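Below is one structure, written out as structure tokens, with a few remarks after it.
The values are calculated or read from the model by the stated rules, or taken from the named source; none is laboratory data. Everything numeric in this text was worked out from a predicted model, so none of it was measured. Cβ coordinates were reconstructed from backbone atoms using ideal geometry, including for glycine residues, and neighbour counts include every protein chain displayed. Protein only, heavy atoms only, side chains kept; ligands, DNA and RNA dropped before computing areas. Shrake-Rupley method; radii C 1.70, N 1.55, O 1.52, S 1.80 Å.
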Amino acid sequence: MSAQPRSAAAIAALPHYIDGEFVAGESGRSAPVFDPSTGEVSATVGLASRVEVDRAVKAADAAFAGWAAVSPLRRARVMFKFKGLLETHHDELARIIVREHGKVFSDAQVR
């Protein structure tokens, strides 16, 4: 069973996140993102060009070198901060899981 399709204006375009910034994408190609519970297109995602993939890989490689140089104590503090953010935004993240995977809300909330 499929819900009414959203208008083109209501469908979000999901960008790439490369080297600390959102990038719309230059390939001109995109793919639909479906809400599995309704079959409705909920967003579109740009398909990366080779240039964008190369840029993302280089940025990740550079970030790894920086992260590896961080002391274990500082890395632990960052990870605990991340854990706190996950806990703070638990219900919001569960709603995203519902939309992306079609899970029921109570199942998506399981810790």
(message) What's the magnitude of the charge dipole for the chain around its Cα centre, counting Lys and Arg as +1 and Asp and Glu as -1 at the beta-carbon? Answer in Debye, nearest 20.
(response) 400
(message) If you take every residue apart from Gly20 with its C-beta less than 15 Å away from the C-beta of Gly20, what net charge results, scoring Lys and Arg +1 and Asp and Glu -1?
(response) -2
(request) Would you please name the trypsin sites (Lys or Arg not before Pro) within the range 3-110 that are DSSP coil residues with at most 13 other C-beta atoms within 10 Å of their C-beta? (result) Arg29
(message) For Cα pairs less than 8 Å apart in space and 6+ apart in sequence, what is the mean separation divided by the residue count of the range 2-111, i.e. the relative contact order in percent?
(response) 23
(message) Need the list of lysines near Lys103 for cross-linking: C-alpha distance under 26 angstrom, and skip anything on the same chain fewer than eight residues off.
(response) Lys83
(request) Return the sequence-ordered ³J(HN,Hα) values of the range 10-17 in whole Hz as given by the Karplus equation 6.51 cos²θ - 1.76 cosθ + 1.60 applied to θ = phi - 60°, using x for Gly and Pro. (result) 8, 8, 6, 9, 8, x, 7, 10
(message) What is the percent carbon and sulfur in the accessible area of the chain, measuring with a 1.4 Å probe over the protein chains and ignoring ligands?
(response) 61
(message) Taking 0.36 nm per residue of sequence separation and subtracting the Cα-Cα distance, how much length would be gained by fully extending the chain between Trp67 and Phe82, in nm to one decimal?
(response) 3.9 nm
(request) Looking at the chain, send over the antiparallel percent of its DSSP beta bridges, to the nearest 5. (result) 75
(message) Between [x] 0.94; [y] 1.06; [z] 0.98, which entry matches Rg/Rh (Cα atoms, Kirkwood Rh) as derived from the coordinates of this structure?
(response) [y]
(message) Suppose the chain between Phe34 and Ala13 were pulled fully straight at 0.36 nm per residue; how much longer would it get relative to their current alpha carbon spacing?
(response) 6.3 nm
(message) In Å², and per residue, what accessible area does the range 11-66 have when probed at 1.4 Å with the other protein chains present?
(response) 67
(message) Could you give each residue of the range 59-75 its phi-based ³J(HN,Hα) in whole Hz, using Karplus coefficients 6.51, -1.76, 1.60 with θ = phi - 60°, and x for Gly or Pro?
(response) 5, 5, 4, 5, 5, 4, 4, x, 5, 5, 7, 6, 5, x, 4, 5, 4
